[in-house]
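Novice: Have a look at this one before I ask anything.
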Amino acid sequence: MSEPETLDPFKLPHPPIVEAVVDIDCDLPPGLDFAMVEEAMGDALKDHYPVRRKRLVHEAKMDLKEGEQPKLTARHGLAAVQFVAEDEKQIVQARPAGFSFNRLGPYGSFDEYLPEIERCWAVFVEVVRPVQVRKLGLRYINRIPIPLEHGTVNLADYLRVSPNLPEGSGLQFADFFHQHRAGDPKTGNKVNIILASQPQDDGCLPLLLDIEVFRDERLEPAPLEKWRESIEQLRSLKNHIFEHSLTQKCLNLFQ
């Protein structure tokens, strides 16, 4: 397959990405045997992903009714079967809700990983036989080390979109967690953005900028190249959000 033309040229020489995820949510066949999935996908991917893991989920729920004792129920289940590269930088996941491809830093470019994502998705489709695709999504988690000056920082020097305290209050942030969601009515694309501070580290204030872009779909399972236009739209939107959430002074940290 020839290399597709990239629609969005935005790229940093040293991106602050600590994890990038491609999520394809699907309806799976009823009663799917995940032990079979683990065995079959593990055999198909073992040359590049020799390590197998299970990710489990544990949920607790408390029902409160007037005049009755609280009832606590717990649910334990499988969140994903994971196939992990030897260097632990790439993970392929078969989930009860679909397929994921995780790339941990250092991160090159989406075009660099796309052939491998397509190959792993094809293995998932062959083994699992998903009934329908429901969502296409990209998620990028960035760690941005903001340098401190005399133990403080003016966030406005680095962030175009940032939390603010009431003017004249004399307060200083101890930490913050800011989340917002939005949608594009023209394309149907949606975004979920989280900006959060982390404890100071080696003269810096690390910030996490977590950008998830996705679109709800109803698609027949197919090779990824059939959805390239939608994927490139999501990629371009993610890049736009990242670029326009940070000032040039901040972007210069990654040149």
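The values are calculated or read from the model by the stated rules, or taken from the named source; none is laboratory data. Only a predicted model underlies this, so the values are computations on that prediction, with no experimental measurement involved. All Cβ positions, even for glycine, are placed from backbone atoms using ideal geometry, and neighbour counts span all protein chains on display.
Novice: Out of the residues in segment 217-242 that are among the small types (Gly, Ala, Ser) and assigned to a helix (DSSP H, G or I), which is nearest to residue 162 (Cα to Cα)?
Specialist: Per the stated criteria, the residue is 236.
Novice: Answer with yes or no whether residue 129 is in contact with a Pro (Cβ under 7 Å, 6 or more places away or on another chain) and over 30 Å from residue 42 (Cβ atoms).
Specialist: no
Novice: Would you confirm whether or not segment 40-54 contains a residue that is of a type in the set (A, V, I, L, M) and within 25 Å of residue 214 (Cα to Cα)?
Specialist: no
Novice: Let me ask another. Restricting to segment 172-223, count the residues that are at pLDDT below 95, surrounded by 14 or more Cβ atoms within 10 Å (Cβ to Cβ) and more than 16 Å from residue 146 (Cα to Cα).
Specialist: Looking only at that region, the number is 1.
Novice: Right, another one. Among the residues of segment 161-192, what is the count of those that are part of a loop (DSSP other than H, G, I, E, B) and either polar (S, T, N, Q) or touching a Lys or Arg at 6+ places or on another chain (Cβ under 7 Å) (or both)?
Specialist: Result for segment 161-192: 7.
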